[in-house]
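See below for the structure under consideration.
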Amino acid sequence: MLNSVQLFEEAQKYIPGGVNSPVRAYKSVGTTPRFIDSAKGSRIYDVEGREYIDFVQSWGPMILGHGAPEVIESVTDQLKRGTSFGAPTALETMVAKAVVDAVPSIDLVRFVSSGTEAVMSAIRLARGYTGRDKLIKFDGNYHGHSDGLLASAGSGLVTLGIPSTPGVTKGNAADTLIAPYNDLAAVRAVFEASPEEVACLILEPVAGNMGVIPPAEGFLQGLRDLCDEFGALLIFDEVITGFRLALGGAQEYYGITPDLTTLGKIIGGGFPVGAFGGRRGIMEKLAPLGPVYQAGTLSGNPIAMAAGIAVIDKLSRPGTYEDLEAKGKRLASGLKAAAESAGIPAFGTQVGSMTCLYFTEGPVSDWDSASKADTDFYASYFRAMLDRGMWLAPSQFEACFASCATTEADIDALIAAAGEVLSELA
């Protein structure tokens, strides 16, 4: 078999940049991507047979770990029945009921095939429901690559040094209003400048695309109040946080109820899936009940739905989220201690099983402060950690995840490796 360098050279002949998602190219961390052959539990293996402890987890969805027996069994059973029908299945209703039961804001849910599709559909629905055109998003929040949402869009663009995206029309850009995260006064000013034009405000309730930035005390409730005051819908993009922080996502974790919610990643257990849902009166504006059109041939794909049933069932078991929270805290405290011991300026954040170590003096509370992190230092840290078998995101501005399969020994190994690397780089 070809090694990773050879495979990357071959891939570049047929795929733009050799990858099907830009950050996978490892361009910002100054090395060649490792091509993966297999994964199991908390471990991932490249084509050369090297083993890594996985703290990326396919960018979040592998919360049970790789190859979870429950997921494999459920999916294998469905594979024997068929992979796609373009027609309703009982599986869709089963997963929909599980989502409605779990997520506080959702009365009705529509499944799609990706987080990007979920977000663009939710925004279209918000515009159709309110009769307004503009939306507010936050600097550094990423909501997929659809037109109008790539402005100030966090990790992927920043990691590659792309300040704006050709191909997005001026009209689309003009309808997107930007505010700094964790700044209610600034959000109010944006609303007041267009008091009857804003259809919705969308945010990651925990910003997971500029590292991991929790909402400031009162920030989410303040947004809820502002949306009510100005007649706009509040959309929580929980593609990362949904089923990650709690069974009911960040809205359960923080006790704030949005009007619409977007979901993805974890529901599919590694298979492509997304979803959006909300109050019945809003969701009934969707076709075939209402005039807002949205469709997808592979929406509610039976393989992804079979995986979703197994994932949600496993996550529903008592103690799951307490265990994940404890792992997240141990990761965050251990990495911060390693940086302090080495005399490296760093600021750590943690929410549930999501953590981030920023190489900056800190504190980090928004994109302006996050962007001060030393990305060149992170690249050196990343390469040295990769050589020690630690699979981290090839970007300073992504989360480090713990999963149900992550062991205490895995966390110890990561902290020990970080201690060695940071001491060498100091």
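Rg/Rh for the range 41-150 stands at 1.04; both radii use Cα atoms, and Rh follows the Kirkwood definition. Ligands, DNA and RNA left out, the accessible area of the range 330-378 computed with a 1.4 Å probe is 48% carbon and sulfur. Calculate the length of the line joining the C-alpha centroid of the range 306-366 to that of the range 373-399, in whole Å. Going from one Cα centre to the other spans 16 Å. Surface composition of the range 38-127: carbon and sulfur atoms hold 56% of the protein heavy-atom accessible area at a 1.4 Å probe.
From the Cα trace of the range 212-256, what convex hull volume per residue do you get, rounded to a whole Å³? Let's see the in-between values first.
Details: hull volume 3.3 nm³, N = 45.
In the range 212-256, the Cα hull volume divided by residue count equals 73 Å³.
Counting only protein heavy atoms and a probe of 1.4 Å, the accessible surface of the range 229-303 is 57% carbon and sulfur.
Dimensions of the range 167-221 based on its C-alpha atoms, expressed as ranges along the principal axes with the largest first, amount to 33, 28, 15 Å.
When the chain is treated as a GNM, springs tying every alpha-carbon pair under 10 Å, which of ARG317, ARG330, ARG43 comes out with the largest mean-square fluctuation? Maximum among the listed residues: ARG317.
Over all distinct Cα-Cα pairs of the range 169-289, the Kirkwood formula returns a hydrodynamic radius of 15.4 Å.
For the range 343-400, the Cα-based Rg and Dmax, in that order, read 11.2, 32 Å. The heavy atoms of GLU197 offer some 90 square angstrom of accessible surface to a 1.4 angstrom probe. Two decimals is fine: what is log10 I(q)/I(0) at q = 0.06, 0.12 Å⁻¹ for the chain, from a Debye sum with one equal scatterer on every Cα and no solvent? Here log10 of I(q) over I(0) equals -0.23, -1.00. Quick one: among TYR254, TYR142, TYR293, which has the greatest mean-square fluctuation in a GNM of the chain with alpha-carbon springs under 10 angstrom? Comparing TYR254, TYR142, TYR293 in a Gaussian network model of the chain, the most mobile one is TYR293.
Give me the accessible area per residue for the chain, probe 1.4 Å, as a whole number in Å².
Heavy-atom accessible area per residue stands at 41 Å².
For the chain, a Gaussian network of Cα nodes joined below 10 Å ranks GLU192, GLU204, GLU238 by mean-square fluctuation, and the top entry is GLU192.
When only the Cβ of Lys, Arg, Asp and Glu is charged (+1, +1, -1, -1), the dipole of the chain relative to its Cα centre reaches about 900 debye. With N counted as the residues of the range 325-426, its alpha-carbon radius of gyration over 2.2 N^0.38 Å works out to 0.98. On the principal axes of its alpha carbon atoms, the range 221-287 extends 39, 32, 13 Å, with the longest extent given first. In a Debye calculation with equal point scatterers on the alpha-carbon sites of the range 285-351 and no solvent, what is log10 I(q)/I(0) at q = 0.12, 0.13, 0.27 Å⁻¹? Calculated log10 I(q)/I(0) at the listed q: -0.66, -0.70, -1.08. Among beta bridges identified by DSSP and lying wholly in the chain, the antiparallel ones come to about 60 percent.
When the Cα positions of ALA307, GLY65, ALA339 are compared along the charge dipole of the chain, ALA307 comes out farthest toward the positive end, with charges on each C-beta of Lys, Arg, Asp and Glu. Over all pairs of different C-alpha atoms, the range 243-391 has a mean inverse distance whose reciprocal, the Kirkwood radius, equals 18.6 Å.
The values are calculated or read from the model by the stated rules, or taken from the named source; none is laboratory data. Only a predicted model underlies this, so the values are computations on that prediction, with no experimental measurement involved. All Cβ positions, glycine included, derive from the backbone under ideal geometry; neighbour counts span all protein chains shown. Surface areas here come from the heavy atoms of the whole protein model, side chains and all, with no ligands, DNA or RNA. Shrake-Rupley method; radii C 1.70, N 1.55, O 1.52, S 1.80 Å.
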